[in-house]
Every structure is written in structure tokens, then in C-alpha cells.
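Chemist: Sending over a structure as C-alpha cells; questions will come in a sec.
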Amino acid sequence: GLGCFTLLALVMLVRRMPDFLVRSSLWLGAWRRPQLRVDGLEHLPVDGPVILAGNWDHLNEALLVAAATDRYTRLIVQKDGDANIGEITKRLSYWSGLVLLPENATVEHWNLASESAMTTLKQGELVGISVTEPSAEDSETRVIEAWRAETGARVVPVFCIAAGSKHTPGAHVV
């Protein structure tokens, strides 16, 4: 009785929030790390398409940003060889919609990632992308402008402070 109800609730959660298992593994894994602090979450719109333009350099920082939001977030991350994420979390991340671009991403790679992001934005969800040095010529900046033009998505800057910094690590939504 109770076991069936628990299984049904888990299935419903995963259907509603495909990255539920990734979020859970990240929050459980966060117990071993410095505390994650999220500031400014009230600036994140509760509905409609949103682009999270972040400064993360590593996959683990991007995943923590996704875990800090309360909505489904498709992440587009440049491959960085980050060894701080366990194999199970990496596999769950792919299953839940992580788009991992190779270090030397070609136009084809960006087109596939952009197509995936557009689908997510048209569904009214979040897309996260790292924009470390925004400029008009930057491929990330051009991609974000194209997404905004087609979907009307709002862009929300996200500032990550890595563990080991003199500041408290966490995600700061500006």
C-alpha cells in the first residue's frame, strides 16, 4: 500500500520535473561540500521562458545553479574535464537534458545545442548557459540574442562563486 503510493509519487515527480533525480543527487552530494548559498532567487521569474546567463567555469557549478532553481533547467555546458562530479550524477545529468559541448565546439554543435534550448524555452522553461566574457562577437552572446528574439525569453544573470573563494560559495541570481 504505502510502498506503491511512494513509487507513484516518485513517478509523478519525475514526470513533472525530469531533472528531479539529478537535483536530489546534487543536494545529497552537497552535504559533503561547503554550504550552497542562493541569493536573489526572488528575481527569477516563476513562469515563462528564462535564459540563465552564468559565469560558471565547471560542470559542477552549472549543476549547482540548476539545483538551486525550482524549475526544470536545461544546461548547455562546454566540456571541461571536471572530475569533481560523480559518474552517477553525470549520467543522470545527461538523462535530464544536459547538453555538453566539446571544448572546440563547431557551428554544428552549437546548432544542435541551440535547437535543444529553443525547444525548452518554447515550453516555458529555463535554459542555462555560461557567458564568461560577453561581447557582441561572442558565440554565446549571439545565441542568447537569437533565443530571445524567437521566444521572448527573459535573460537573468547568474553569478557563481566557487568553493575556495574568500566569499561564501553559491549561486547569486542578479
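The values are calculated or read from the model by the stated rules, or taken from the named source; none is laboratory data. None of the values given here were measured: they were computed from a predicted structure. Every residue, glycine among them, receives a Cβ derived from its backbone with ideal geometry; neighbour counts consider all protein chains shown. Only protein heavy atoms, including side chains, enter the accessible area calculation; ligands, DNA and RNA are left aside. Shrake-Rupley method; radii C 1.70, N 1.55, O 1.52, S 1.80 Å.
Chemist: Within the set of pairs 6 or more residues apart or between chains, which connect a residue that is without any contact (Cβ under 8 Å) to a residue 40 or more places away in the chain inside segment 46-67 to a residue that is part of a strand (DSSP E or B) with Cβ atoms less than 7 Å apart?
Modeler: As it stands, the answer is none, since no pair meets every condition given.
Chemist: A follow-up question, please. Report, by residue number, each residue of segment 131-145 that is touching a helix residue (DSSP H, G or I) at 6+ places or on another chain (Cβ under 7 Å), open to solvent by less than 70 Å² (accessible area, probe 1.4 Å) and either at pLDDT 90 or above or not in a helix (DSSP H, G or I) (or both). Explain how you work it out, then say what you get.
Modeler: Taking segment 131-145 first, the residues touching a helix residue (DSSP H, G or I) at 6+ places or on another chain (Cβ under 7 Å) are 131, 134-135, 139, 143.
Of the ones still in play, those that are also open to solvent by less than 70 Å² (accessible area, probe 1.4 Å) are 131, 135, 139, 143.
Matches in segment 131-145: Val131, Ser135.
Chemist: Mind counting the residues in segment 1-24 that are at pLDDT below 75 and not small (Gly, Ala, Ser)?
Modeler: Taking segment 1-24 first, the residues at pLDDT below 75 are 17-24.
Remaining after also requiring not small (Gly, Ala, Ser): 17-23.
Adding up the residues that qualify gives 7.
Chemist: When only residues in segment 25-47 that are modelled with pLDDT of 70 or more and open to solvent by less than 40 Å² (accessible area, probe 1.4 Å) count, which is nearest to the chain's Cα centre (by Cα)?
Modeler: Leu44
Chemist: Still on this structure: Could you grab the pairs with beta carbons closer than 7 Å, sequence gap of 6+ or different chains, first residue in segment 1-13 and under 14 Å from Ser24 (Cβ atoms), second one assigned to a helix (DSSP H, G or I) and of a type in the set (A, V, I, L, M, F, W, C)?
Modeler: Leu13/Phe20
Chemist: Still on this model: Of the numbered conditions (1) polar (S, T, N, Q); (2) touching a strand residue (DSSP E or B) at 6+ places or on another chain (Cβ under 8 Å); (3) modelled with pLDDT under 70, Ser116 fails exactly one; give the number of that condition.
Modeler: (3)
Chemist: So, one more: In segment 86-113, how many are modelled with pLDDT under 80 and among the acidic types (Asp, Glu)?
Modeler: Of the residues in that region, 2 qualify.
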